[in-house]
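A quick write-up on the structure given underneath.
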Amino acid sequence: MNFLIVFISLLIANGHASKLRPTLKPFETDLCTFFREGTKEEPNLWAHCCVKHDLSYWVAGDKREQKRADVELRNCVEKVASPFWAKLMYRGIRLGHLSPIKNAYHWGWSWGKKRKKYAVLSSEEQVEALINLQNLNDIDPETVQQFIDFRFRQ
C-alpha cells in the first residue's frame, strides 16, 4: 500500500496525475475462461490463479507482460494442483492467442479500442490501474496484493 501512495504522490508532484482520464473499464472475471476452476474433489482449487491471470489481461501491457502472465498462471496452477493441469491450461491459452475468435476478456480489453493492444503502460495508466486495483472490493485482498506485487514490483 505504501508503494502506491508514494507512486501517486510523485506523479501528482510532477503534474502527471492531472492527465489521468477514466478510461479503464471496471474489472470483470469469468475465472478460468473455457476451462474448469479445479478438480472434481476441489472444484475451485486454482480459481485464484485465474483471477490473477484475468487481472493481468485487464491491466495489459506489452507482449512480454502477456507471456509473463501466462507463465505465472501455469506456475500457480502447478503449485496448487499438478504439472498436468498447468501444462494443459498453459497450452490452451497460448493456442487461444492464435485464434481469430477472441473472448470478451482478451489482452487489454479494459482499455477500449483507442489504446494499442500491446504497449507498455504509461505512468498515468499504471496509476489508474493501481487506483482501480485498490478499490476492488469483490476480489480477495490477498489475491489483489499478490497481483500488484507481481505486476508492479518487478
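The values are calculated or read from the model by the stated rules, or taken from the named source; none is laboratory data. Just so we're clear, the structure is a prediction, and the values are computed from it rather than from any experiment. So basically every Cβ, Gly included, is an ideal-geometry build from the backbone, and we count neighbours across all protein chains shown.
One residue is enough: does segment 46-56 have a residue meeting the conditions more than 20 Å from Val120 (Cα to Cα) and free of Cβ contacts under 8 Å to residues at least 12 places away in the same chain? The answer is no, given that none of the residues of segment 46-56 is more than 20 Å from Val120 (Cα to Cα) and free of Cβ contacts under 8 Å to residues at least 12 places away in the same chain. Within segment 1-46, being exposed (fewer than 10 other Cβ atoms within 10 Å of the Cβ) and at pLDDT 90 or above holds for Pro26, Lys40, Glu41. Residue count for segment 77-111 under the criterion of being part of a helix (DSSP H, G or I), over 13 Å from Trp46 (Cα atoms) and of a type in the set (D, E, K, R): the result is 3. Scanning segment 112-128 for residues that are touching a residue at least 60 places away in the same chain (Cβ under 8 Å), outside any loop (DSSP other than H, G, I, E, B) and surrounded by fewer than 18 Cβ atoms within 10 Å (Cβ to Cβ) turns up Ser123, Glu124.
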